[in-house]
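Data first, discussion second: the structure below is written as structure tokens.
The values are calculated or read from the model by the stated rules, or taken from the named source; none is laboratory data. Since the structure is predicted, the reported quantities are computational estimates derived from the model, not experimental observations. When we count neighbours, we look across all protein chains shown, and the Cβ atoms used for this are built from the backbone with ideal geometry, even at glycine. Note: areas computed on protein heavy atoms with side chains; ligands, DNA, RNA excluded. Shrake-Rupley method; radii C 1.70, N 1.55, O 1.52, S 1.80 Å.
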Amino acid sequence: MELVCPAGNLPSLKAAIDNGADAVYVGFKDDTNARNFAGLNFNEKNVGQGIEYAHSHGARLFAAINTFPQPSGWERWTAAVDSAAEAGVDAVILADIGILDYAANRWPDLKLHLSVQGSATNYEAISFMHRTFGIRRVVIPRVLSAPQVRHLAEHTPVPLELFGFGSLCVMVEGRCLLSSYATGRSPNTYGACSPGSHVEWIDRKDGGMETRLGGILVDSCGAGENVGYPTICKGRFEVQGKEGYAIEEPTSLNTLELLPEMMAMGIAAIKIEGRQRSPAYVAQVTRVWRAAIDACKRNPESFRVQSVWNAELDKVAEGAQTTLGAYHRSWQ
Amino acid sequence: MKISLGPVLYYWSEEKLRQFYGQIAESPVDIVYLGETICSKRRSLNTDQWIEIARQLKAAGKEVILSTLALLEAESELKTMRRICGNGEFTVEANDLAAVNLRSEQGESFVVGHSVNIYNQGAMEVLAEAGMNRWVLSVELSRETLRDLQQHRPDGVETEIFAWGRIPLAYAARCYTARHYELPKDDCQYRCIDDSDGMLLNTKEGEPFLTINGIQTQSAQSCNLLGAMEEMRELGVDVVRISPQSMFTPEIIKLFDQVQRQEISLQDGMAAADRFLPYGGVDGYWRGEAGIDKTAKTDDSSVI
């Protein structure tokens, strides 16, 4: 089982590899990837440095080009695929059918992974991508329960990569348009949800604070409380007289306790979310997951989640609480 | 342009569905998409009953297409989809690549619904090669992108636009209706049947924003592209889709038909449309703006 860690820049990449990542994934500095944030990501030059660092330490590097080009931007995406292939990445993580087609034809030896943004939640969908483009791996949206993942693993020849830790998308990735409804920009079209350009943090006279996205109130709080970044699915709203987190609380996914089960299913890789996070986050999370995977490999039957691991992860979790998310049926 | 009626996205009783489609059979709609696309637990009608309604609509002169689930997770859901894809009588709307896979393996054609992402010509060509004969533009894409895509559209592929109704924005494993009632999804008690147009979600300021419809999240406001009919025709659009709502759907179909036939002016049509829009009309996506941006006023300033 491979540990795949996020890298928004070279320091994070080194932090991941130095702490035991088997692979890192990166994006370019534009809307061709789903973490299109200011000051983040790689250019053609330092992606080469990243690959060199990874390869010299026995690790692999994947490039995420996992948003959906429209005709007016098409060349930016094909250029990203070309740059990644020419730089010698170990795989590209793609979502768009058009770009998969381009990559499969232009770079027949390039390994293709289907991004979580490709929204493949069942083996028939995976089969289409497999027989059409020869994908070598698929990253599964964070919507399946553990038994559903097992069923999937039994019915597809394509190796599966699962999210293990990080910020939790509750919607099927690649099909969530909440952000563009409020701002005109979605992960699909722009590479980020709730783009910073449309976010407002407003101090209120009573000492409280409110957050808005595209002018729409996403959350507010009184003095002494905190509001999170205004991601719509984690905002507080009113439904039929009831106010609260109508969609999801601000929590992080943490599936450490499912490791033996995932290993028994033959899951190919565990993905850590968070290319937008700091090198310290990457180091911390990678270190814990490396230790856990190694412990589980040594002796899956006696594997127990160590409280120190969860304590370390809780320190960096969004909202400082974690959940098993959809893997655990009761969450759904 | 032909007028289509999308699948009913809400949970309606068998009686309500049968009554609804009885009215639709009499309406000037050309194409009807039928079936459950949101939640496999909703079973007012089984596949055989849907096919029975499909036959009735076909006998009334409608083109009928069987729609499939957008989010497929369980084997039982794949089983239902296989049954629909292999029905041998009606073509199918693929709302996930699973149905694309099956129909293309069968050598049968299919419509690609708006929850399968076609954002560029490359994607369109791959799916046309697989058997797609019609596609529905992603609800978040603009007329400018449509213009570019129409210029290189493969032969034999029709273009359909989501032109009316609450906009489908997201799908999840979690059921937000069950969550609202603090029920587990596996024991949801089918509470979504109480809300025939979904549940309104307001901001804490009381502004309507979204609609909760089980595992689907929609906009609160309705897309209204009645005013863009002429523009769509010029762009070579073949089909305009109206998404069902519990009230006034036959009236909305009639309105689109009348405006297209120029039996009433667009100004009068837009004024009439306002009565059918519980939280106002939006067309921001079509114009390349935020989806929630309000429908642009027509030239006549007397129109509200």
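A few points about this structure:
- Along the axis of the charge dipole computed for the protein assembly as shown (Cβ charges of +1 for Lys and Arg, -1 for Asp and Glu, origin at the Cα centre), the listed residues A:L313, B:W135, B:A290 are led at the positive end by A:L313.
- Shown for chain A: the carbon plus sulfur share of the solvent-accessible area, taken with all protein chains present and a 1.4 angstrom probe, equals 48%.
- Lys/Arg +1, Asp/Glu -1 at C-beta; the protein assembly as shown dipole; positive extreme among A:G325, B:N101, A:L259: A:L259
- Note on chain B: dipole from Cβ charges, positive end direction compared against B:N224, B:T145, B:N46; the farthest Cα belongs to B:N46.
- Gaussian network model of chain B, Cα within-10 Å springs - most flexible of B:Q216, B:Q56, B:Q245: B:Q56
- Of all DSSP beta bridges in the protein assembly as shown, antiparallel share, percent nearest 5: 40 percent
- Shielding score for B:95-106, defined as the mean number of other chain Cβ atoms within 10 Å: 5
- Relative contact order, whole percent, for chain A stands at 20, derived from Cα pairs under 8 Å and 6 or more residues apart.
- Chains A and B, summed buried accessible surface - 1.4 Å probe, Å², nearest 100: 5700 Å²
- For chain A, a Gaussian network of Cα nodes joined below 10 Å ranks A:V26, A:V81, A:V239 by mean-square fluctuation, and the top entry is A:V239.
- Percent of C-alpha pairs per 10 Å bin, chain B, short to long: 6, 28, 37, 24, 5, 0
- Net charge dipole size for the protein assembly as shown [Lys, Arg +1 and Asp, Glu -1 on Cβ; Debye, nearest 20]: 1120 debye
- Take each residue in A:113-124, count the other chain C-beta atoms within 10 Å of its C-beta, and the mean is 5.
- Close amide H partners of A:A21, meaning residues 5 or more places away or on another chain with modelled amide H under 5 Å apart, do not exist here.
- Rolling a 1.4 Å probe across the protein heavy atoms gives the stretch A:178-245 an accessible surface of 42 Å² per residue.
- Peptides A:86-96, B:98-108 ranked from most to least packed give A:86-96, B:98-108, packing being the mean of other C-beta atoms within 10 angstrom over each peptide's residues.
- Expressed as a whole percent, the accessible surface of chain B that belongs to carbon and sulfur atoms is 43, based on a 1.4 Å probe.
- For the stretch B:176-189, backbone phi angles converted through the Karplus equation (6.51, -1.76, 1.60; θ = phi - 60°) give residue-by-residue couplings of 7, 5, 4, 4, 4, 8, 6, 10, x, 4, 6, 10, 7, 6 Hz, Gly and Pro being listed as x.
- Shape call, the stretch A:178-245: gyration tensor on alpha carbons, a/c limit 1.5: oblate
- Charging the Cβ of each Asp and Glu at -1 and of each Lys and Arg at +1, and nothing else, the dipole of chain B about its Cα centre rounds to 520 debye.
- Label zone (A:K242, point 7 Å along Cα-to-C-beta; backbone nitrogen cut-off 15 Å) within the stretch B:203-229: B:212-215.
- Of all lysines in the structure, those lying under 25 Å Cα to Cα from B:K62, and not within fewer than 8 positions of it along the same chain, are B:K2, B:K16, B:K254.
- Accessible-area order (highest first, 1.4 angstrom probe) of the listed residues B:D293, A:D31: B:D293, A:D31
- Qualifying chymotrypsin sites (Phe, Trp or Tyr not before Pro) in the stretch A:191-254, DSSP loop, other Cβ atoms within 10 Å at most 15: A:Y245
- Straightening the chain between B:F248 and B:S196 buys 17.4 nm, computed as 0.36 nm per residue apart minus the Cα-Cα spacing.
- Scalar couplings 3J(HN,Hα) for the stretch A:254-271, obtained by applying the Karplus form with A = 6.51, B = -1.76, C = 1.60 to θ = phi - 60°, are 9, 10, 3, 5, 8, 3, x, 5, 5, 5, 5, 6, x, 4, 6, 7, 10, 9 Hz; x denotes Gly and Pro.
- Simple Cβ-charge dipole of the stretch A:178-245, Lys/Arg +1 and Asp/Glu -1, about Cα centre, in debye nearest 20: 200 debye
- Within the assembled protein chains, the solvent-accessible surface assigned to A:K14 is about 80 Å², based on a 1.4 Å probe.
- Per-residue [θ]222 nm for chain A (sum of -39500 (n - 2.57) over DSSP H runs n ≥ 4, rounded to 500): -10000 deg cm²/dmol
- Put the Cα centre of the stretch A:1-61 next to the Cα centre of the stretch B:97-167 and the gap is 34 Å.
- Mean-square fluctuations from a GNM of chain A, with a 10 angstrom spring cutoff on Cα atoms, peak among A:T132, A:T286, A:T322 at A:T132.
- Entries in A:K242/B:K41; B:K58/B:K79; B:K204/B:K294; A:K29/A:K205; A:K271/B:K204 that, when Cα-Cα distance is taken, lie over 27 Å: A:K29/A:K205; A:K271/B:K204
- Note on B:180-186: average number of Cβ atoms from other chains within 10 Å of each residue's Cβ is 3.
- The modelled label-to-label distance between B:K2 and B:Q49, using points 7 Å beyond Cα along the C-beta direction, is 2.7 nm.
- Gain in span if fully extended, A:K297 to A:S72, counting 0.36 nm per residue against the direct Cα distance: 76.2 nm
- The stretch A:62-120 and the stretch B:183-251: distance between their alpha carbon centers, rounded to Å: 33 Å
- Under-5 Å amide H pairs with A:R137, H placed in peptide plane, nonlocal only: A:L114
- Rounded if a/c under 1.5, otherwise prolate or oblate - the stretch A:1-157, Cα gyration tensor axes: oblate
- Antiparallel DSSP beta bridges within chain B, as percent of all bridges there, nearest 5: 35 percent
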